[in-house]
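The values are calculated or read from the model by the stated rules, or taken from the named source; none is laboratory data. Since this is a predicted model, take the numbers as computed values, not measurements. Every residue, glycine as well, gets a Cβ built from its backbone with ideal geometry; the counts of neighbours run over all protein chains shown. The protein model used for the area step is the full one, side chains on, heavy atoms only, and it has no ligands, DNA or RNA in it. Shrake-Rupley method; radii C 1.70, N 1.55, O 1.52, S 1.80 Å.
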Number of protein chains: 2
Amino acid sequence: MKNERIDLREALIREAIGLLGNGPADLSLRSVARAAGVSAMAPYRHFEDKAALLGAVAAQGFAELRDVLEVADARAEGGAALVEQGLAYIAFAQRRPSLFRLMFASVDLACIPKPAGMSAYAVLARRVASVAPDSSEVSTLGCWAMVHGLATLRLDRRIEAGSEADRSVLMLLTAAIVGR
Amino acid sequence: MKNERIDLREALIREAIGLLGNGPADLSLRSVARAAGVSAMAPYRHFEDKAALLGAVAAQGFAELRDVLEVADARAEGGAALVEQGLAYIAFAQRRPSLFRLMFASVDLACIPKPAGMSAYAVLARRVASVAPDSSEVSTLGCWAMVHGLATLRLDRRIEAGSEADRSVLMLLTAAIVGR
DNA sequence: CTCCGAAGTTTACAACGTAAACATACGGGA
DNA sequence: TCCCGTATGTTTACGTTGTAAACTTCGGAG
């Protein structure tokens with residue numbers, strides 16, 4: 001029955017996320033199939049190709065990121081909530097480095113369902129809009145870029161500073177945005 | 001004579017950069033060897049493995065980036081020079097997307113000669129220090145992160161805005177840094 | 001019961017990174 | 001001059017990958 005189909009499909013996504021834990025190099029279509037206990041060609045019944053599977057994995061990652069941002073946002077108010085979101089974003093990237101990289105760099109956009117990526121963005125945009133109603137577009141872009149930059153530079157080992165430095169940087173930007 | 005060695009070594013790097021023009025997917029060790037007109041194993045006489053070759057390519061990229069930043073920095077003074085550097089950084093990423101990605105995400109750090117990556121960073125740090133002597137560390141980090149975030153998000157098709165938006169965002173941050 | 005479509009398997013191929021063994025040619029000591 | 005070690009490259013080989021094609025199997029609709 002159709003349940004089986006969905007079972008394997010989701011099992012593949014789950015196993016892929018699991019394999020991402022051991023570095024992105026271990027993530028091949030075949031290794032995912034092996035982990036799920038099926039033949040190398042079985043995934044093609046559920047995904048167009050490897051990129052499609054990775055896209056589904058990325059979508060899962062975006063959903064998780066959105067949840068993380070929402071929780072963080074609720075921990076404070078006003079500009080401070082912005083800082084909390086930023087720190088949470090960076091922490092997420094550090095906790096799941098391979099997944100984070102996959103979500104952005106590796107998979108081309110066509111493979112990621114649009115709502116997935118957008119819902120995480122919306123959490124940020126909403127908070128920025130509440131804090132700086134005018135210029136909220138530029139401010140949102142700036143926040144995202146700065147946080148994303150910190151996260152990726154850290155993942156790529158280009159910077160080593162810890163969360164105190166992150167907080168300082170984020171507060172600097174937040175101050176500029178909130179005005180004054 | 002030793003000239004030949006250096007010739008092939010540099011030819012490989014050159015061909016690799018050339019192949020990067022057609023998307024990073026076309027860049028295999030074998031394809032580079034083919035482009036240079038040698039056998040598939042020849043590169044191993046000059047590079048430990050594929051990552052080492054990519055590291056050399058990345059180093060070349062960093063040198064180019066540093067030059068670009070220096071030229072841009074010379075186009076203005078004070079905070080405006082900061083904005084110029086940022087725009088140049090983003091423009092570089094857009095002009096050579098695959099090379100830029102290679103420089104950061106793909107190659108692990110051990111394969112990149114340290115001075116290569118550092119000299120580009122120094123150009124930014126110097127200007128920030130001249131503009132905001134106190135807090136120059138946090139400010140430099142912030143500038144780099146924001147610019148890098150804009151560049152990578154654009155590369156990954158996560159944002160579509162043009163250079164006017166970039167300029168606005170950069171000016172916002174610069175204002176916060178220069179103080180007041 | 002029959003038959004069909006969906007789910008999975010087996011087999012096959014080209015391309016990849018790289019290990020190992022071999023060829024070749026050049027420069028310096030005997 | 002001869003000779004030999006070292007640097008440079010080639011050939012061959014192996015295991016892994018993504019994926020195309022042809023097959024099996026099987027549960028439900030007619």
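Positive end of the dipole of segment B:1-91 (Cβ unit charges, origin at the Cα centre): among B:18, B:69, B:36, the Cα lying farthest that way belongs to B:36. Before we go on, tell me the buried accessible area for the B/A pair, both chains summed, 1.4 Å probe, in Å² to the nearest 100. That pair of chains buries around 2600 Å² in total.
Shown for segment A:1-47: the carbon plus sulfur share of the solvent-accessible area, taken with all protein chains present and a 1.4 angstrom probe, equals 49%. Ligands, DNA and RNA left out, the accessible area of segment B:71-138 computed with a 1.4 Å probe is 59% carbon and sulfur.
Qualifying GluC sites (Glu not before Pro) in segment B:131-174, where qualification requires a DSSP coil assignment and no more than 12 other C-beta atoms within 10 Å, comprise B:160. Dipole size of segment B:1-47 about its Cα centre, with +1 on Lys/Arg Cβ and -1 on Asp/Glu Cβ: approximately 160 debye, rounded to the nearest 20. The mean accessible area for residues of segment B:46-162, using a 1.4 Å probe and ignoring ligands and nucleic acids, is 42 Å² per residue. Sparse packing (at most 12 other Cβ atoms within 10 Å of the Cβ) combined with a DSSP loop state is found for the following GluC sites (Glu not before Pro) in segment B:1-63: B:48. Distances from residue B:38 to itself in the other copies, using label points 7 Å out along the Cα-Cβ axis, amount to 4.5 nm in increasing order.
In a DSSP loop and with at most 16 other Cβ atoms within 10 Å, the trypsin sites (Lys or Arg not before Pro) in segment B:49-118 are B:75.
Inter-chain neighbour count for B:128-141: the average number of beta-carbon atoms from partner chains within 10 Å of each residue's beta-carbon is 2.
Calculate the dipole size of chain B relative to its Cα centre from +1 charges on Lys and Arg beta carbons and -1 charges on Asp and Glu beta carbons; express the result in debye to the nearest 20.
Details: 21 positive and 20 negative charges, 69 e Å.
It comes to approximately 340 debye.
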